[in-house]
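Before any comments, here is the structure.
The values are calculated or read from the model by the stated rules, or taken from the named source; none is laboratory data. Values in this document were obtained by computation on a predicted structure and should not be read as measured data. Cβ coordinates were reconstructed from backbone atoms using ideal geometry, including for glycine residues, and neighbour counts include every protein chain displayed.
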Amino acid sequence: MEQIAVLSAGSWGTALSLLLAWKGYPVSLWVWSEHQAETIRSTHENPYLPGCRIPENISITTSMAEAVRNADKIVFAAISSAAIDVARTLKESIPSGVPVISATKGLDGETGLTISQTLRSILGEDHPLIALSGPNLAVEVAKKVPTATVAASIDESAARDVQRLFMCPSLRVYTNSDIIGVELAGALKNIIALGAGIGDGLGYGDNTKATLLTRGLAEITRLGIRLGAKQATFMGLAGVGDLMATCASPLSRNRRVGLGLGSGRKLDDILKEIGQVAEGIPTCQAAYNLSSKLQIPMPITEQIYRVVFEGESPQAAVENLMMREPKDEIW
C-alpha cells in the first residue's frame, strides 16, 4: 500500500487525508503548528474540521522531513500565501521523482502564478505535477457526501494514477490534460464567490446571482484563455461545477466573506470570525493585476478588488457594474 504525505492540516488537507485513510492508505499529515498537532493527537479531531474523527492510520507530524521521507505521493494543500515557503521547505526533503498533487485553489498574490507553476519553479522538473480541483467543499467530502473532482496533468499516466488514488464511492474523479485551466478555474471562481456573498449581504435575489455567475464565468474564462487554458475546462467540474458550489453554499468561506462585506462589516472582523483563509482575497489581487497587465476586461473582478482593497462601498460597486456602457453578450 502506497504511503501518502499531505501538506498541510487545514480543512481541505484534513478532508483529503480522511478520504485516503478510509481507503486504507497510511497518511502522514504535516501540521505547521505544534499546538495544532498536539490538539489533533489528544482529541483525534482537527479544530478546522470539527466532528470528523482522525483515524489511527493518519500520523501527525510537524517535521516536513518525517512527513515525506517514505512518501510515494505528496498532496500539497498549503494555503496559497504560504505556498512558496512550504515548497522551499519541501525541496529540502522530497524524495527524487515523487509526484506532487496540488490541491490548493489559489494564485500567488504577487506573481499571479498557479500553485503547480510555483511548485515547478521551486522543485524543478523531477516531479510529476497533478492538480486536483472541483466542487469539493471540505466538510461535505469529509462526511462522504457524493461529489466529483478533476485530476489534471500534462502527464496522462500521472493523472490516471491520481484518479485511481482518490476514486471511491463518495468521490468520482475525472482526468484532464489542461492543468493550467483546472487550476485557474478553481482559483478564479473564488473571486466570483466573494461577489455572490456581497449580493446576498445586500439582500439581492436569484436574478442577481444568476447574472453574476454567468458574467463572472465569462470574464474568468477570458483571462484563463489568455493564460493558455482551454475554454471547455471552464464549462466543466473545475469551472461551472465549482463556481455553483462555492457561490451558493453557506459552507463557502469566500461567500461568507462577501456576505459580511455586503452587510457592511469590516474585512478584518469577518476574517477573524471565520478563522481560516479565504483564498478569493489574494486571488482577486492577482487576477486584478493580471487583467490590468494583459488588458483583459474583468469588470466584476475590478469592482470586487475595489471593495476589498480600496474601501469602495458594495452599493457603489453594483451601480458601477450596472451602468457600464452597453455591450454585446457574446464574448
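A few remarks follow.
- Members of the range 243-267 that are farther than 21 Å from Pro47 by Cβ and either outside any helix (DSSP H, G or I) or without any contact (Cβ under 8 Å) to a residue 12 or more places away in the chain (or both): Ser263, Gly264, Arg265, Lys266
- Meets criteria (in a loop (DSSP other than H, G, I, E, B) and among the β-branched types (Val, Ile, Thr)) for Val75: no
- Selection count, the range 301-331, where residues are in contact (Cβ under 8 Å) with a residue 40 or more places away in the chain and surrounded by fewer than 20 Cβ atoms within 10 Å (Cβ to Cβ): 2
- Within the set Gly51, Gly24, Gly13, the sole residue that is among the small types (Gly, Ala, Ser) and part of a helix (DSSP H, G or I) turns out to be Gly13.
- Complete set of residues in the range 19-59 that are without any contact (Cβ under 8 Å) to a residue 12 or more places away in the chain, among the β-branched types (Val, Ile, Thr) and surrounded by 15 or more Cβ atoms within 10 Å (Cβ to Cβ): Thr39
- Restricting attention to the range 42-89, the residues being polar (S, T, N, Q) and closer than 13 Å to Gly10 by Cα number 2.
- Qualifying position, being under 26 Å from Arg120 (Cα atoms), assigned by TED's automatic domain parsing to the domain that holds Leu119 and in contact with a strand residue (DSSP E or B) (Cβ under 8 Å, 6 or more places away or on another chain), among Ala65, Ala37, Ala82, Ala87: Ala87
- Residues in the range 102-131 that are assigned to a strand (DSSP E or B) and without any contact (Cβ under 8 Å) to a residue 60 or more places away in the chain were compared, and the one that is surrounded by the fewest Cβ atoms within 10 Å (Cβ to Cβ) is Leu129.
- Any chance Lys144 is more than 15 Å from the chain's Cα centre (by Cα), at positive phi and basic (Lys, Arg): yes
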